[in-house]
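Worksheet: the structure to be examined is printed underneath.
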Amino acid sequence: MNALAATSRNFKQAAKLLGLDSKLERSLLIPFREIKVECTIPKDDGTIASFVGFRVQHDNARGPMKGGIRYHPEVDPDEVNALAQLMTWKTAVANIPYGGAKGGIGCNPGDLSISELERLTRVFTQKIHDLIGIHTDVPAPDMGTNAQTMAWILDEYSKFHGYSPAVVTGKPVDLGGSLGRDAATGRGVLFATEALLAEYGKSISGQRFVIQGFGNVGSWAAQLISENGGKVVAISDITGALKNSKGLDIPRLVKHTIENRGIKGFDGGDPIDPKSLLVEDCDVLIPAALGGVINRENANEIRAKFIIEAANHPTDPEADEILSKKGVVILPDIFANSGGVTVSYFEWVQNIQGFMWDEEKVNSELKTYMTKGFKDVKDMCKSHNCDLRMGAFTLGVNRVARATVLRGWEA
C-alpha cells in the first residue's frame, strides 16, 4: 500500500472515530492549492534545460503551511499530495501553529553542477515567491536539498520582499538557522522513546536497540541512545549491516562512517544480512531509513517489544495488524519523527523575534513539546479506545477540524 493510500485510510478511520460529518471530512482532504511551474535554466555547457517544479499546499487552518522541498527524478504527484497531507496532521499532533505542504523539482541533483543547482533553485523561487512567505508557506530541506538550497531560496525571495530569514527553515546557522536543528529529528526520537518506555516503567538505560538506517536521523538517534545508557546491538545502512550483542561502540562507528562513507568494514561488530536486521532479537526496533520495510512478509518474525517509527511510513497496514495482535507497541511516525519540524518551528520563531536561542534552550523546549505531545496522544487513545497510531491521527485531525470550524470554513 503506497503512502497516499495509507494516509487516506488512517485519516478516514480517525474521521470516523471523531464522528466528523462527510462535508467537513471531504474539505479537510482537498488541498488548498497545487502549484506547477516550468523552470528553464542555461546549463554550464550553454544548452538549455527545462524542469518541472511544484508545490502542494494542503491546509492552512492552523497557520502557515510547512513542508520540505525535494530534488528527485521521480516526483510522483500522488506521493507529494500524501506527504503534504501528512504534514498537516504531523504539525497538529506536535501542536505547532502550521499546516502542511510539500514540493520540489523533478531533477537528478547528482547530474547537475553546484552552479546549475543554484540557477535552478533561484528560477524556482522566482516562479513561486508570491505563493510562499513567512505567514503563508515556509519551505524546508528534504531529499536532495540542504541548508545551501535554503540559503539560495532565502536570498532570491529577499530580492522581492526584503530580507526575510523566516521564509525557510533548515538554513545555515550563519543566516539565521537554529542551533540543534541538525540533531533535532534524532533527538526527538530519543525523547519520544523515553516517554513511551516510561509508560511501561522502563528507561533507555539497559534496553537493547536495533536501528535500521545510519543517515542523519539514525546516527543521531544511535549516538543519543548510547549516551543515555541504551545498548545498540545491530545497525544497518546502504553499505551493509552489523551486529554486536554486547553493544556497538557508536562514537567509533560514527567516525568510521565519515571516513569510509558507510558502516561497511567496521571491526567492532559482525557483518549480518541487512534483510535479517529487522528480525534481530532486541527490546526496541527503530526503522530510520525507508518506507514500507515492515510488511506482512517479516512482521511475524519481529522480536522487538517496541517499534519507534523514525522513518516515514515504515510499517504497512497489514503488518500493523499482525504486530498489534502480537502485543508489539508501535510509536507512529506522525509523532515519533516530529522533532525535526518542531525545531524548524523554533527556528522560525527565533527569526521572527530576531533573537537567537542557545542550544540548551532549543533542546529543553524540544523535550517539553515531545513529552507533552506523547501525553496528548495517550489521552486520545484513552478517549477513543485505540492504538497509538489512531490516537495520534485522531489528535491531529481533531485539531485541524476544530480550527476549520472555528474559522467558519466548513463546507
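The values are calculated or read from the model by the stated rules, or taken from the named source; none is laboratory data. Note that this is a predicted model, so its numbers are computed, not measured. Glycine also receives a Cβ, built like all others from the backbone with ideal geometry; neighbour counts cover every protein chain displayed. The area values use the complete protein model at the heavy-atom level, side chains included, leaving out ligands, DNA and RNA. Shrake-Rupley method; radii C 1.70, N 1.55, O 1.52, S 1.80 Å.
If you check residue 41 against the conditions, is it within 30 Å of residue 346 (Cα to Cα), β-branched (Val, Ile, Thr) and crowded, with 16+ Cβ neighbours inside 10 Å?
no
When you scan segment 215-233, do you find a residue that is out of contact with any strand residue (DSSP E or B) (no Cβ under 9 Å at 6 or more places or on another chain), more than 22 Å from residue 340 (Cβ to Cβ) and either in contact (Cβ under 8 Å) with a residue 40 or more places away in the chain or not in a helix (DSSP H, G or I) (or both), even just one?
There is at least one residue in segment 215-233 that is out of contact with any strand residue (DSSP E or B) (no Cβ under 9 Å at 6 or more places or on another chain), more than 22 Å from residue 340 (Cβ to Cβ) and either in contact (Cβ under 8 Å) with a residue 40 or more places away in the chain or not in a helix (DSSP H, G or I) (or both).
With buried (at least 16 other Cβ atoms within 10 Å of the Cβ), within 23 Å of residue 373 (Cα to Cα), of a type in the set (D, E, K, R) and in contact with an Asp or Glu (Cβ under 7 Å, 6 or more places away or on another chain) as the only criterion, which of 208, 181 stands out?
Of 208, 181, the one residue that is buried (at least 16 other Cβ atoms within 10 Å of the Cβ), within 23 Å of residue 373 (Cα to Cα), of a type in the set (D, E, K, R) and in contact with an Asp or Glu (Cβ under 7 Å, 6 or more places away or on another chain) is 181.
Can you tell me how many residues in segment 277-324 are of a type in the set (Gly, Ala, Ser) and either under 18 Å from residue 237 (Cβ atoms) or under 16 Å from the mean Cα position of the chain (by Cα) (or both)?
Number satisfying all stated conditions: 6.
Residues that are within 20 Å of residue 398 (Cβ to Cβ): find the strands (runs of 3 or more DSSP E) completely inside segment 32-135 holding 1 or more of those.
65-72, 99-106
All but one of (1) open to solvent by less than 20 Å² (accessible area, probe 1.4 Å); (2) touching a Phe, Trp or Tyr at 6+ places or on another chain (Cβ under 7 Å) hold for residue 329; state the number of the condition that does not hold.
Just one mismatch for residue 329, condition (1).
State yes or no: is residue 169 in a loop (DSSP other than H, G, I, E, B), surrounded by 18 or more Cβ atoms within 10 Å (Cβ to Cβ) and modelled with pLDDT under 95?
no
Spot the failing condition for residue 78; the list is (1) closer than 18 Å to residue 54 by Cβ; (2) touching a strand residue (DSSP E or B) at 6+ places or on another chain (Cβ under 9 Å); (3) of a type in the set (D, E, K, R), and only one is missed.
(2)
Could you go through segment 386-396 and let me know if any residue there is open to solvent by 30 Å² or more (accessible area, probe 1.4 Å), part of a helix (DSSP H, G or I) and either more than 22 Å from residue 8 (Cα to Cα) or out of contact with any Leu (no Cβ under 9 Å at 6 or more places or on another chain) (or both).
no
Please go through segment 22-38 and pick out each residue that is out of contact with any Phe, Trp or Tyr (no Cβ under 8 Å at 6 or more places or on another chain) and either free of Cβ contacts under 8 Å to residues at least 12 places away in the same chain or open to solvent by 90 Å² or more (accessible area, probe 1.4 Å) (or both).
Selection gives 22, 23, 26, 30, 32.
Kindly indicate the residue of segment 113-143 that is modelled with pLDDT of 95 or more and acidic (Asp, Glu) and also surrounded by the most Cβ atoms within 10 Å (Cβ to Cβ) among those meeting that condition.
Here the answer is 137.
Within segment 95-112, can one find any residue that is surrounded by fewer than 23 Cβ atoms within 10 Å (Cβ to Cβ), touching a helix residue (DSSP H, G or I) at 6+ places or on another chain (Cβ under 9 Å), under 20 Å from residue 312 (Cα atoms) and at pLDDT 95 or above?
Yes.
Could you please let me know if residue 208 is over 25 Å from residue 361 (Cβ atoms) and in contact (Cβ under 8 Å) with a residue 40 or more places away in the chain?
Answer is yes for this residue.
Would segment 341-361 turn up any residue that is assigned to a loop (DSSP other than H, G, I, E, B), within 19 Å of residue 197 (Cβ to Cβ), open to solvent by 30 Å² or more (accessible area, probe 1.4 Å) and not aromatic (Phe, Trp, Tyr)?
No; the residues of segment 341-361 include none that is assigned to a loop (DSSP other than H, G, I, E, B), within 19 Å of residue 197 (Cβ to Cβ), open to solvent by 30 Å² or more (accessible area, probe 1.4 Å) and not aromatic (Phe, Trp, Tyr).
Looking at 137, 142, which is the one that is farther than 24 Å from residue 112 by Cβ and acidic (Asp, Glu)?
Checking each option against the conditions leaves just 137.
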